[in-house]
Amino acid sequence: MRELIKEGKPTIGTRILTPWPAVVEIIGQTGMFDYFEFLGEYAPWTLYDLENIARAAELYGMSSMIKVDGIPRSYIAAKALQSGIQNFLFADIRTVQDAEEAVKAVRCEPKGIMGIGNFRVGGYVFSNYSVADYRKVCQDAVIAFMIEKKSAVDHLEEILSVDGVDMVQFGPWDYGLSLGLTGEPGTPWGLKDPKVKEAELKTIKTALKMDKRPRVEIGDPKEIEKYVEMGVKDFNLATDLRILFNFWKEKGEELRKLLYKNL
């Protein structure tokens with residue numbers, strides 16, 4: 001992912017909540033994605049899962065990313081990187097201090113707080129791995145921030161000025177929540193409110209102005225056109241649970257109608 005950004009190329013990812021490595025392998029078999037993002041903020045998982053999904057991605061030369069909870073971000077980021085997860089999306093960034101803490105969690109000493117040890121990313125015993133290799137892994141990790149709180153949007157330029165941030169993504173649902181908005185379940189209420197849309201456009205335009213990569217989550221590839229025109233190159237497609245839900249709802253309804261029609 002770092003190489004694609006260096007070369008100014010687009011990136012395409014997809015999101016999963018399932019920590020079963022087979023799901024990662026299936027994504028890899030499509031050959032359509034540069035990386036997968038494990039939504040660790042939402043899903044139940046163990047430390048063993050991080051190693052296993054990282055291994056699965058490596059089978060297909062695919063990069064990996066984890067979405068990291070606000071608390072305890074440093075611990076989760078460290079365990080993910082040490083397991084072989086290559087990139088990080090930090091949720092709940094509210095302040096410059098949050099942003100600095102997130103970057104330091106991934107970078108190794110002396111610029112960050114990451115230490116070295118018998119981790120998977122070093123082959124467990126460092127038999128064919130050097131400290132320089134480990135330092136490069138920490139440095140090459142792409143660091144992205146969720147901009148999903150009012151305070152983050154209000155202080156966006158200061159947050160994007162933190163050394164080490166590569167990418168941002170606007171989060172309309174949480175941003176709407178931070179404004180005290182409400183809406184009907186199952187509808188994109190946040191996206192419809194003009195204050196939320198204004199914040200999304202501010203996030204994208206400010207990121208581009210400051211030479212950071214704005215990423216957009218989409219449910220349908222047809223949604224990218226307006227963002228591409230703005231200069232967005234990074235997109236993340238759907239989630240495994242939503243894909244399953246849409247299939248089961250659509251096909252289940254179709255089956256039920258056909259069945260009862262012929263009874």
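Summary of values
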{"quantity": "Residue match in region 86-100 (condition: modelled with pLDDT of 95 or more, among the aromatic types (Phe, Trp, Tyr) and buried (at least 19 other Cβ atoms within 10 Å of the Cβ))", "calculated": "yes"}
{"quantity": "Tally of residues being crowded, with 18+ Cβ neighbours inside 10 Å, closer than 22 Å to Phe235 by Cβ and hydrophobic (A, V, I, L, M, F, W, C) across region 24-55", "calculated": "7"}
{"quantity": "Residue check, Glu58 more than 13 Å from the chain's Cα centre (by Cα), within 30 Å of Glu200 (Cα to Cα), surrounded by fewer than 22 Cβ atoms within 10 Å (Cβ to Cβ) and not aromatic (Phe, Trp, Tyr)", "calculated": "no"}
{"quantity": "Count - residues of region 153-185 that are farther than 22 Å from Asp234 by Cα and in contact with an Asp or Glu (Cβ under 9 Å, 6 or more places away or on another chain)", "calculated": "6"}
{"quantity": "Residue among Arg94, Arg135, Arg120 that is in contact (Cβ under 8 Å) with a residue 24 or more places away in the chain, within 23 Å of Leu4 (Cβ to Cβ) and among the basic types (Lys, Arg)", "calculated": "Arg135"}
{"quantity": "Within region 229-263, tally of residues that are more than 19 Å from the chain's Cα centre (by Cα), under 30 Å from Ser161 (Cβ atoms) and aliphatic (A, V, I, L, M)", "calculated": "1"}
{"quantity": "Residue in region 109-122 that is within 20 Å of Cys138 (Cβ to Cβ), part of a strand (DSSP E or B) and not acidic (Asp, Glu) present", "calculated": "yes"}
{"quantity": "Boolean, Val137 is surrounded by 15 or more Cβ atoms within 10 Å (Cβ to Cβ) and either at pLDDT 90 or above or part of a loop (DSSP other than H, G, I, E, B) (or both)", "calculated": "yes"}
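Conditions (1) part of a helix (DSSP H, G or I); (2) in contact with a Ser or Thr (Cβ under 8 Å, 6 or more places away or on another chain), marked per residue:
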| site | (1), (2) |
| --- | --- |
| Trp173 | yes, no |
| Ala199 | yes, no |
| Glu229 | yes, no |
| Ala238 | no, yes |
| Arg242 | yes, no |
| Trp248 | yes, no |
| Gly252 | yes, no |
| Arg256 | yes, no |
| Leu263 | no, no |
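The values are calculated or read from the model by the stated rules, or taken from the named source; none is laboratory data. Here the structure is a predicted model, which is why all the values come from computation and not from measurement. Quick reminder, even Gly has a Cβ in these numbers, built from the backbone with ideal geometry, and neighbours come from all protein chains shown.
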